[in-house]
Amino acid sequence: MLHAQIDLMDVDGITVSGGEPFDQAEELCELLGRIKQDRDLLVFSGYRIEDIQKDPVMKKLLNLTDVLIDGEYIDSKNDGISALRGSVNQRIHILDQGLTGKYDEYLKLGRQIQNFTYDYQTISVGIHNRDRGSEGL
């Protein structure tokens, strides 16, 4: 098996999604404390921000988070259009106001899928449309 070296200097952001990141908040804080540096951190959570803020352990992870997408994913509310949100009931919280311009521009682009090839396999990253599955692979 081939192992590629990843140069973390080329990585400008980190996205954390399911399971439920805030159910592993303590462990994630430890990991992210080692790799976050100047990278922006986007976290998807089924919890609402109001509930996260009430829990001291979860709040530690929230304090490391630059952008939070909160709320339960509901398949029937996947509109196939919204950038960053899997379903339209989810909310986007830009917690680091210095990233507002970057994320405003990203949101204007709509939903995007990126495909990467690694170790002879294709990895598709992004929020897929409910009706079209992995279109573009």
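Against the list (1) at pLDDT 95 or above; (2) exposed (fewer than 13 other Cβ atoms within 10 Å of the Cβ), the condition D38 fails is (1). Give the residue that is surrounded by the most Cβ atoms within 10 Å (Cβ to Cβ), with candidates limited to residues of the range 55-80 that are without any contact (Cβ under 8 Å) to a residue 12 or more places away in the chain and more than 15 Å from E26 (Cα to Cα). Going through the qualifying residues, I end up with D79. Is it true that I94 is in contact (Cβ under 8 Å) with a residue 24 or more places away in the chain and either surrounded by fewer than 20 Cβ atoms within 10 Å (Cβ to Cβ) or β-branched (V, I, T) (or both)? When the stated conditions are applied, I94 passes them.
Note on the range 79-102: residues that are farther than 21 Å from P21 by Cα and touching a strand residue (DSSP E or B) at 6+ places or on another chain (Cβ under 8 Å) total 4.
The values are calculated or read from the model by the stated rules, or taken from the named source; none is laboratory data. Quick caveat, the model's predicted, so the values are computed rather than measured. So basically every Cβ, Gly included, is an ideal-geometry build from the backbone, and we count neighbours across all protein chains shown.
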